[in-house]
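Report on the structure given below.
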Amino acid sequence: MEFSGAELAQLWGELSSVKAIYFDLDDTLCAYWNASKAALHATFDQHLGDRHTPADMVNHWAETYREFAPLIKSDEWYPLYLVSGDPTRKEHMRRTIARIGLQDEALAATLSATYRFERNSRLALFSDALATLTTLHRHFPLGVMTNGPADIQREELSQLGIASFFSHFFIEGEVGVGKPDPHVFQQAELAVGLAPDEILMVGNSFGHDIRPAILAGWKTIWLRRDSDVPPSARPGTLPEMPPADGPQPTGILGELAPLTQLLAR
Ligand SMILES: [Mg+2]
């Protein structure tokens, strides 16, 4: 995203009150969707490649996601999901292979474990994330605010080697509630002990990260990357579009790198 000097100066001015920064993790700091897509492909190729193309299996997985994802928040699954990603990941695989006529608990468990391993081994920071965190960490208290099971989110932070940059951790699995619930933002605000307009949220999801932060009175940087399309999206889906009306982010960036310059004082 190219800025004119005037736009840059205006955004720099609007961010001048910032004293602490919260980052979303997946697809803000690390390329989760890319790792997930490649891992699903590898998983289905390894275990069902002799009978079905990986692309067909990923489509079955995506169809299953659209039906199963809303149930993850149900009383049956949510308490399990908060602690560990394993039960719902396995159930997702069980339902996926049921679509090709297989009732096979053992295979569902194997697919789930392989997918977790393959995804983790591919998970990587965006090329500008480490430099951005290294610099900003010297000038601001940093926090991470991420949805997902406690075990998976901690595993990601540890594998990416970035946990030591953060003083505050708001992980859905540990808090018991996730973004966009205003509760998470209230607790995060208390943790840093600052006024709302002194806190900056940086995230890739308008609905989960940006809109609730704007409503909390925080400053916001919405990261919109071309790669930001989940594997569950229907073919041809484009990254989330800016809203035509309603609350607007303080700024929109296509990468993390300009943040350092925008927050330099
Ligand atoms: Mg995200």
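The values are calculated or read from the model by the stated rules, or taken from the named source; none is laboratory data. Note that the structure is a prediction, hence the values are computed from the model and not measured. Backbone-built Cβ (ideal geometry, glycine too); neighbour counts: all protein chains shown. With ligands, DNA and RNA removed, areas are computed over all heavy atoms of the protein, side chains included. Shrake-Rupley method; radii C 1.70, N 1.55, O 1.52, S 1.80 Å.
The set of residues in the stretch 203-230 being open to solvent by 30 Å² or more (accessible area, probe 1.4 Å) and within 13 Å of the ligand (Cβ to nearest atom) consists of Gly207, His208, Arg224, Ser227, Pro230. Evaluate the stretch 82-100: report whether one residue or more is out of contact with any Pro (no Cβ under 7 Å at 6 or more places or on another chain) and not in a helix (DSSP H, G or I). Yes, the conditions are met somewhere in the stretch 82-100. Could you tell me which residue of the stretch 19-60 is farthest from the ligand (Cβ to nearest atom), considering only residues that are under 30 Å from Glu189 (Cα atoms) and not in a loop (DSSP other than H, G, I, E, B)? Of everything passing the filter in the stretch 19-60, Ala20 is farthest from the ligand (Cβ to nearest atom).
Would a scan of the stretch 233-240 turn up a residue that is over 17 Å from the mean Cα position of the chain (by Cα), more than 30 Å from Asn59 (Cβ to Cβ), among the small types (Gly, Ala, Ser) and part of a loop (DSSP other than H, G, I, E, B)? Looking through the stretch 233-240, none of the residues is over 17 Å from the mean Cα position of the chain (by Cα), more than 30 Å from Asn59 (Cβ to Cβ), among the small types (Gly, Ala, Ser) and part of a loop (DSSP other than H, G, I, E, B).
All of (1) touching a Leu at 6+ places or on another chain (Cβ under 8 Å); (2) closer than 23 Å to Pro235 by Cβ; (3) not basic (Lys, Arg) hold for Trp12 with one exception: (2).
In the stretch 82-101, the residue that is most open to solvent (accessible area, probe 1.4 Å) out of those that are of a type in the set (A, V, I, L, M, F, W, C) and in contact with a helix residue (DSSP H, G or I) (Cβ under 7 Å, 6 or more places away or on another chain) is Val83.
Residue by residue, here is whether (1) over 24 Å from His92 (Cα atoms); (2) not hydrophobic (A, V, I, L, M, F, W, C) holds:
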site	(1), (2)
Ala108	no, no
Ala113	no, no
Asn120	no, yes
Leu125	yes, no
Leu133	yes, no
His137	yes, yes
Glu156	no, yes
Ile171	no, no
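Taking (1) of a type outside the set (A, V, I, L, M, F, W, C); (2) in a helix (DSSP H, G or I); (3) within 16 Å of the ligand (Cβ to nearest atom) in turn, Glu63 satisfies each apart from (3).
Just one of the listed residues (Leu29, Leu8) is closer than 24 Å to Leu200 by Cα and surrounded by fewer than 22 Cβ atoms within 10 Å (Cβ to Cβ), and it is Leu8.
One residue alone among Gly236, Gly251, Gly178 is within 13 Å of the ligand (Cβ to nearest atom) and either assigned by TED's automatic domain parsing to the domain that holds Leu82 or of a type outside the set (A, V, I, L, M, F, W, C) (or both), and that residue is Gly178.
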